[in-house]
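Here is the structure we will look at, set down as structure tokens.
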Amino acid sequence: MDKKQIDKALTPDKLEELQLSSAKESAAGIPAILSSVGHIVSEVGILRGGKALLDLNQKGGIDCPGCAWPDPDDDRSKIGEYCENGAKAIAEEATKKKLTPAFFQKNSISELAQLSDYEIGKKGRIAQPMYLPKGAQHYQEISWKDAFTKIGTHLNNLNDPNEAIFYTSGRTSNEAAFLYQLFVRAYGTNNLPDCSNMCHESSGKALSDTLGIGKGSVKLEDFYQSELIIIMGQNPGTNHPRMLSALERAKKNGAKIISVNPIKEAGLQGFMHPQKISGLMGSSTSLTDLYLQVQINGDMAFLQALAFLLLQKESAGCPDVVDHEFINEKTNGYDAYVEHIRSLDFNELVKQCGLDKNDVIAAADMIAARKKIIICWAMGLTQHKNSVNTIKEVVNILLLKGSIGKPGAGTCPVRGHSNVQGDRTMGIHEKPATYILDNIEKHYGIDVPREHGYDTVAAIEAMHRGDGQVFFGMGGNFISATPDTAYTSEALQKCKLTVQVSTKLNRSHLVHGEEAIILPCLARTDKDIIDGELQFVSVENSMGVVHSSRGSLTPISDKLMSEAAIVCHLAKATLSDSPIDWDKYLQHNDHIRDDIEQVIKGFSSYNERVRVLEGFYLPNCARDNHYETESGKAEFSVSHTEQNQLADDEYLMMTIRSHDQFNTTIYGLNDRYRGIKNERRVIFMNPKDMKEIGLESNDIVDLYNYRDNRERKAPTFVVVPYDIPRKCVATYFPEANVLVPITHKADKSHTPASKSVIIKIRRRDS
Ligand SMILES: Nc1nc2c(c(=O)[nH]1)N[C@H]1C(S)=C(S)[C@@H](COP(=O)(O)OP(=O)(O)OC[C@H]3O[C@@H](n4cnc5c(=O)[nH]c(N)nc54)[C@H](O)[C@@H]3O)O[C@H]1N2
Ligand SMILES: Nc1nc2c(c(=O)[nH]1)N[C@H]1C(S)=C(S)[C@@H](COP(=O)(O)OP(=O)(O)OC[C@H]3O[C@@H](n4cnc5c(=O)[nH]c(N)nc54)[C@H](O)[C@@H]3O)O[C@H]1N2
Ligand SMILES: [Mo]
């Protein structure tokens with residue numbers, strides 16, 4: 001494709017016919033069921049789809065390929081433990097539509113690139129390995145053997161193993177992830193960027209520094225014992241719908257809920273349980289008691305304002321506001337923290353977070369009076385420049401209250417992809433834990449590299465400089481998920497070879513290196529049979545439970561391979577004289593688990609324990625109220641708020657998910673809860689801001705970012721008036737990724753700051 005074609009493909013300007021209605025005030029209920037059934041019937045058919053749904057999230061069944069929310073340990077619904085969006089994920093994956101060589105012969109890559117992500121995704125599953133020769137316009141079929149040989153030859157021709165980059169998305173099973181990092185390290189690099197870098201990396205960094213473990217500390221049952229749940233920067237009604245059942249149960253047990261979010265999300269306001277009669281009759285449980293529409297990235301100021309008030313109450317003699325026993329015994333840095341918070345100007349903090357002073361006081365009162373508090377958060381906290389420090393401020397509040405390491409209390413970073421947490425546990429990390437490298441060397445008798453590799457942003461910059469020559473994607477959709485789409489596309493196109501292990505066609509197959517290969521893999525729902533025996537894989541959910549997942553559908557093609565097998569064959573084609581017995585791993589997944597047990601902590605008797613149907617919890621120091629930091633104590637931290645300075649014509653944009661997508665996979669063009677039908681290129685704006693610059697509902701605008709003296713333009717967005725704080729706007733990911741500058745990332749975690757992008761808005765170029 002020439003540059004013009006690529007620009008056009010990356011910044012389409014087609015619009016559909018937007019229909020607006022008012023935003024909803026509760027989630028799920030009958031409309032959710034109708035929507036699930038609709039997606040299943042049209043993509044999969046009722047028999048195949050129904051079978052997958054019945055097995056979903058049942059003990060011993062399929063782990064939902066959607067989000068990482070845990071399954072209840074006790075009462076799982078007989079008719080299927082899934083949500084509307086889990087059903088959509090199944091519909092997408094279990095579709096019977098498949099892409100044969102004839103499809104690729106008929107459709108050139110430039111033709112396919114002109115389609116929207118929605119249209120591309122609807123094409124179907126890739127049914128056989130495909131190869132794009134240098135200069136060609138059409139992918140052609142290639143045998144598995146030739147594909148592995150080509151990749152192995154490319155890898156062996158590099159001057160240095162660090163010229164290869166191995167990305168992972170978070171659906172890869174523990175077994176495949178373990179083999180993948182083993183192969184990559186045996187080959188000679190730690191270049192293992194993964195989707196975590198764009199997701200909860202800021203949480204991992206903040207939590208490891210302060211509590212000594214990068215994961216959350218709560219279990220699902222803690223929700224049922226909690227007195228107060230604070231939900232910050234998360235939209236569970238869409239992204240973790242089964243969390244609403246847990247919140248409903250928490251409320252019934254007397255918990256209060258505070259939601260902190262620039263916009264009023266339906267799922268945080270009310271819930272109609274789709275598996276209960278009351279919910280089907282339209283009776284909604286109201287969830288949030290105090291809804292705080294914070295400014296984008298105003299969270300740190302809000303948390304500091306809360307701390308200010310709590311300390312003030314304590315000084316005024318209110319009992320139990322601060323848990324001194326816990327603080328004395330378990331923490332470090334309290335005095336410096338208190339001194340810092342007391343030195344702050346409360347009114348200034350209130351101004352920065354954009355909330356009403358009385359609401360902040362009401363929140364502090366709710367916190368002061370309670371001891372068992374859970375704070376949940378997701379991308380609304382992790383994707384800003386100062387995210388790591390904001391999350392440390394979350395920890396500060398919990399430490400003040402002694403609300404960690406005891407039932408009903410703790411940290412709850414709600415993870416995204418269904419096995420993103422497990423992939424990290426298995427060693428997918430560009431900065432690996434030393435103990436994993438030591439154990440690999442000891443167990444396999446090989447030397448592995450020690451220097452850190454590239455994270456996602458560094459990988460893009462390396463490819464752009466010409467230092468990354470081979471890109472290998474284990475799942476995911478790199479071009480659409482990453483920031484600064486035009487820059488990243490230049491980076492990928494400089495590679496000699498790009499390889500994607502994929503289930504569905506996506507844009508990363510169409511923006512490629514000199515040569516490109518697609519390796520089609522089995523998905524979660526597919527049966528994986530080796531020598532007549534049905535295999536299972538294992539995954540770790542957001543709360544550190546490892547359990548099995550077993551596919552139950554016949555794959556749509558006999559030319560698909562499991563991700564674990566793909567890694568083994570690739571290793572055999574690349575590494576000469578490897579002392580690692582890759583053939584053994586190809587014979588049974590138990591052999592992989594036996595070796596995971598030898599290398600990764602917490603997996604003793606893995607094969608035995610993973611066969612217990614509900615799985616097992618991994619060790620978690622913070623949950624057990626001890627803190628594996630350098631000091632051996634939980635650390636208070638001192639942070640300073642950073643305000644995003646906006647010129648008169650600038651706005652702060654958050655890129656969020658609609659109700660009809662899973663990351664870059666677009667299920668449909670609606671965002672039901674927000675009242676959007678049939679359009680994704682929309683920008684949500686405050687009506688007063690619109691009026692000030694003479695915009696009306698449905699006007700069409702272009703969006704710009706100018707960081708680093710480069711113009712980034714996202715053309716053709718429809719203006720939608722919305723209840724959102726002044727100067728804050730929202731657009732959907734991935735359409736607006738073209739505006740997220742590659743250099744705009746979180747300090748310390750390098751997560752692209754895609755929730756606080758400074759933009760300018762102009763009427764569409766006529
Ligand atoms: N159906 C479905 N499920 C999914 C996904 C999906 O795309 N579709 N994606 C999966 C993945 S990988 C992930 S990481 C999770 C993502 O789950 P979420 O983090 O819930 O996803 P986002 O849409 O990015 O939503 C962020 C929320 O943060 C709010 N927000 C934005 N900026 C700020 C801010 O500065 N402060 C505060 N307090 N709030 C803010 C937004 O209004 C929005 O409600 O979901 C997972 N589950
Ligand atoms: N602007 C902006 N950008 C963001 C975000 C944001 O909020 N705003 N969120 C970020 C976050 S939180 C994340 S996690 C990333 C997501 O980044 P990715 O994980 O890279 O993206 P996905 O869209 O989840 O990947 C979808 C593709 O994965 C493939 N796939 C699906 N299932 C399987 C499987 O079982 N095996 C294999 N091998 N492939 C499979 C399919 O081909 C599908 O096209 O995006 C990030 N990008
Ligand atoms: Mo994510």
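Here, each number is a calculation from the coordinates, and none is a lab measurement. Everything quoted here is computed from the prediction, not taken from an experiment. Glycine gets a Cβ as well: all are built from the backbone with ideal geometry, and neighbour counts include every protein chain shown.
Annotations for the structure displayed:
- Amide proton proximity set for Lys745, modelled H, under 5 Å, gap of 5+: Ala753
- Convex hull volume per residue, computed on the Cα atoms of the range 502-661, equals 273 Å³.
- For the range 590-597, Karplus couplings with θ = phi - 60° (6.51, -1.76, 1.60), whole Hz, Gly/Pro x: 4, 5, 5, 4, 4, 7, 4, 4
- Neighbour-count order for Ile683, Ile759, fewest beta carbons within 10 angstrom listed first: Ile759, Ile683
- Shown here for the range 427-502: GluC sites (Glu not before Pro) in loop regions (DSSP other than H, G, I, E, B) with at most 13 other Cβ atoms within 10 Å, namely Glu451.
- Shape of the range 655-766, Cα gyration tensor, a/c cut at 1.5: oblate
- Treating r as the C-beta distance of Asp624 and Glu451 and R0 as 22 Å, the FRET efficiency rounds to 0.10.
- Residues in the range 133-175 that a label on Glu119 would reach, taking backbone N under 20 Å of a point 7 Å out along Cα→Cβ: 137-139
- Relative contact order of the range 320-400, taken over Cα pairs closer than 8 Å and 6 or more residues apart, is 43 percent.
- The order of Ser108, Ser542, going from fewest to most other C-beta atoms within 10 Å of their C-beta, is Ser108, Ser542.
- Whole-Hz Karplus values for the range 256-273 come out as 9, 10, 10, 10, 10, 6, x, 10, 7, 7, 3, x, 8, 8, x, 9, 10, 4 Hz, taken residue by residue from phi with 6.51 cos²θ - 1.76 cosθ + 1.60 and θ = phi - 60°; glycine and proline positions read x.
- Amide N proximity, the range 362-399 versus Glu329 label position 7 Å along Cα-to-Cβ, cut-off under 18 Å: 371-373, 398-399
- Here the peptides 724-732, 193-201, 60-68 are ranked by packing, the mean other Cβ count within 10 Å, and the order with the highest first is 193-201, 60-68, 724-732.
- Backbone N within the range 470-507 under 19 Å of label point (7 Å from Ser578 Cα along the Cβ vector): 470-475, 499-502
- Beta bridges by DSSP in the chain, antiparallel share as percent, to the nearest 5: 40
- The length gained on full extension between Val638 and Glu25, counted as 0.36 nm times the residue separation minus their Cα-Cα distance, comes to 216.9 nm.
- Rel. contact order, % - alpha carbon contacts under 8 angstrom, at least six apart, the chain: 22
- Debye log10 I(q)/I(0) for the range 236-277, one point scatterer per Cα, at q = 0.28 Å⁻¹: -1.13
- Cα-based Kirkwood hydrodynamic radius, the range 362-442, one decimal, Å: 15.2
- Over every Cα atom in the range 200-277, the radius of gyration and the widest Cα-Cα span, Dmax, amount to 13.9, 46 Å.
- The loop-placed trypsin sites (Lys or Arg not before Pro) in the range 412-481, going by DSSP, that have at most 13 neighbouring Cβ atoms within 10 Å of their Cβ come out as Arg450.
- The HN-Hα couplings worked out from phi for the range 731-744 by the Karplus form 6.51 cos²θ - 1.76 cosθ + 1.60 (θ = phi - 60°) are 9, 8, 8, x, 4, 9, 4, 4, 8, 7, x, 4, 8, 9 Hz, whole numbers, x standing for Gly and Pro.
- Listed residue pairs exceeding 24 Å between alpha carbons, taken from Lys219/Lys527; Lys122/Lys760; Lys688/Lys760; Lys122/Lys276: Lys219/Lys527; Lys122/Lys760; Lys122/Lys276
- Here the relative contact order of the range 256-385, from alpha carbon pairs under 8 Å that lie six or more residues apart, stands at 28 percent.
- D_trans [Stokes-Einstein, Kirkwood Rh over alpha-carbon pairs] for the range 492-565, 4 °C, 1.567 mPa s, µm² s⁻¹: 91
- Taking 19 Å as the limit for the C-alpha separation, the pairs Lys442/Lys601; Lys559/Lys584; Lys392/Lys633 exceed it in the case of Lys559/Lys584.
- Less than 5 angstrom separates the built amide H of Ile683 from those of Val718, Val719, Val720, all sequence-distant by 5 or more or on a different chain.
- Cα pair distances exceeding 51 angstrom across the chain, given as percent: 8
- Ala136-Leu646 FRET efficiency (beta carbon distance; Förster radius 51 Å; 0.05 resolution): 0.65
- Shown here for the range 508-551: GluC sites (Glu not before Pro) in loop regions (DSSP other than H, G, I, E, B) with at most 11 other Cβ atoms within 10 Å, of which there are none.
- Here the range 106-136 and the range 720-741 have alpha carbon centers that stand 29 Å from each other.
- Entry note, the chain: the mean residue ellipticity at 222 nm calculated from DSSP H runs of n ≥ 4, each adding -39500 (n - 2.57), is -10000 deg cm²/dmol after division by the residues and rounding to the nearest 500.
- Within a straight-line Cα-Cα reach of under 17 Å, Lys357 can be paired with the following lysines, leaving aside sequence neighbours fewer than 8 residues apart in one chain: Lys313.
- Put in order of Cβ neighbour count within 10 Å, fewest first, the listed residues His744, His443 become His443, His744.
- Projected area, mean over directions - the range 443-581, Cα convex hull, nm²: 11.1
- Note on the range 693-740: along the principal axes its Cα atoms extend 30, 22, 20 Å, ordered by decreasing extent.
- Taken over the range 372-519, the alpha-carbon convex hull comes to 167 cubic angstrom per residue.
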